[in-house]
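For reference, the structure is listed below as structure tokens.
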Amino acid sequence: MSYGGMINEVELETQRLYKILGGLTDFKIGAKYDAAFCRAAAPFTLEINKLKKETDAVILAHYYCAPQIVYGVADYKGDSLALARAAAEVKESIIIFCGVFFMAQTAKIINPRKRVFLPPLFAGCSLADSVDAAQAAAMRAKYPRAQFVCYINSTAEVKAACDICVTSANVFDIIAASAARQIVFLPDVYMAADIAREMRRRGIDKEIIPFGGTCCVHDKYNAQDVRDIRAAHPAAAIICHPECAPQVCELCDYCGGTSGMLKFVKSSAARTFAVLSEDGIINCLEYENPDKNFLHYGRTCAQMKRNNLQNILGILKNPAPEAEVQVGSSVADAAKKCIYKMFKAGGADL
Ligand code: 13P
Ligand code: SF4
């Protein structure tokens, strides 16, 4: 290609990116993404999108990743459940999972013949890192008759020690449909309280035994925040993720996972939304609803933000075996049963 042709290609890519990003907030600078940002990103997105095809790779991105990833290079974007399902369907030989480690691990468990990479190599999650297999086993010994339900934000080893896994999108329905009365829920203590509240609301008799984990992003919101927002923005709908404290969830107009928030905002008549979650979902809400306004509170998941165009490109250029996500076969087999029970309970035909 001629030099002039290359300039033209970068310019066209800059324009494509600016159409996507121009209306979205760059939380690093507190202003909308500008053309200079898009021009700097364009050579990366161009090369990533080309190399993906040449290397038979596919990119999955969680909604909390930066929008130049979610809308610029990802083939699949979604919440934890949608991405786990997408991982099962991938035909390409390489999965680049832009998210945190437990998500990439889940993709590897679901589709073990694929080579799975997490661009930052490791990115933790305060929930997944709050419980290990020994603690899960100790809970088993203490509650031998309970059903063990783990949030998908858990390690492969913890999933392997549990009966069924859930996500923010299906947690209430799966637990409501369970035959067990006594349920140990690992590891999110706030979500356990939300489950107990929702079961009471549905008139279903369940004993929910919590563990002590929290999300270090969502546990920063408190009930006073909601009251202050209500007073300052009486017309705004206040929405939150169920990883927030139950006192927060109770006061909000909607509480649901990232895909639930997207659906709620799309169908709501409100014009302004206060979003008590991670900033990445606010970019997705802005993208999907350019006619609505979003109030945000500067909460980012530092681990999710470790995914970037540079490290995605680095993996595509050198998908080295030592960078691959690996899960030992006995743990993977047991964890897979736990995840597939969720797929079956949620009606996925797999
Ligand atoms: P969702 O499944 O709702 O996308 O949540 C994942 C997560 O890590 C939220 O903090
Ligand atoms: Fe984990 Fe919280 Fe980050 Fe979600 S936002 S990945 S729960 S630390």
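The values are calculated or read from the model by the stated rules, or taken from the named source; none is laboratory data. Given the structure is predicted, the values throughout are model-derived calculations rather than measurements. Neighbour counts run over all protein chains shown; Cβ positions are idealised from the backbone, glycine included. Accessible surface areas use protein heavy atoms only, side chains included; no ligands, DNA or RNA. Shrake-Rupley method; radii C 1.70, N 1.55, O 1.52, S 1.80 Å.
Scanning segment 48-62 for residues that are closer than 22 Å to GLU286 by Cβ and touching a Lys or Arg at 6+ places or on another chain (Cβ under 6 Å) turns up at least one hit.
The residues of segment 174-196 that are touching a residue at least 40 places away in the same chain (Cβ under 8 Å) and surrounded by 15 or more Cβ atoms within 10 Å (Cβ to Cβ), listed by number, are ILE174, VAL184, LEU186, PRO187, ASP188, TYR190, MET191, ALA193, ASP194. Do the conditions hold for TYR143, that is, is it touching a Ser or Thr at 6+ places or on another chain (Cβ under 9 Å) and either within 14 Å of ligand 2 (Cβ to nearest atom) or more than 27 Å from ILE312 (Cβ to Cβ) (or both)? For TYR143, the condition - touching a Ser or Thr at 6+ places or on another chain (Cβ under 9 Å) and either within 14 Å of ligand 2 (Cβ to nearest atom) or more than 27 Å from ILE312 (Cβ to Cβ) (or both) - is not met. Taken together, the residues in segment 303-337 that are within 16 Å of ligand 1 (Cβ to nearest atom) and under 30 Å from ALA137 (Cα atoms) amount to 2. Inclusion of ALA320 among residues that are of a type outside the set (Lys, Arg) and away from ligand 2 (no atom under 14 Å from the Cβ) is warranted.
Listed here are the strands (runs of 3 or more DSSP E) enclosed by segment 160-245 that have at least 3 residues being within 22 Å of the chain's Cα centre (by Cα) and under 28 Å from ARG85 (Cα atoms): 164-166.
Just one of the listed residues (THR14, THR55, THR45) is of a type in the set (Val, Ile, Thr) and without any contact (Cβ under 8 Å) to a residue 40 or more places away in the chain, namely THR14. Where residues in segment 285-314 are within 20 Å of ALA42 (Cα to Cα) and away from ligand 2 (no atom under 14 Å from the Cβ), which of them is most open to solvent (accessible area, probe 1.4 Å)? The qualifying residue most open to solvent (accessible area, probe 1.4 Å) is GLN310.
Under the condition of being open to solvent by 30 Å² or more (accessible area, probe 1.4 Å) and in contact with an Asp or Glu (Cβ under 6 Å, 6 or more places away or on another chain), the residues counted in segment 121-158 number 2.
Filtered by the rule that a residue be buried (at least 19 other Cβ atoms within 10 Å of the Cβ), within 12 Å of ligand 1 (Cβ to nearest atom) and of a type outside the set (Asp, Glu), segment 240-270 gives CYS240, HIS241, PRO242, CYS244, CYS255, GLY256, GLY257, THR258, SER259, MET261, LEU262.
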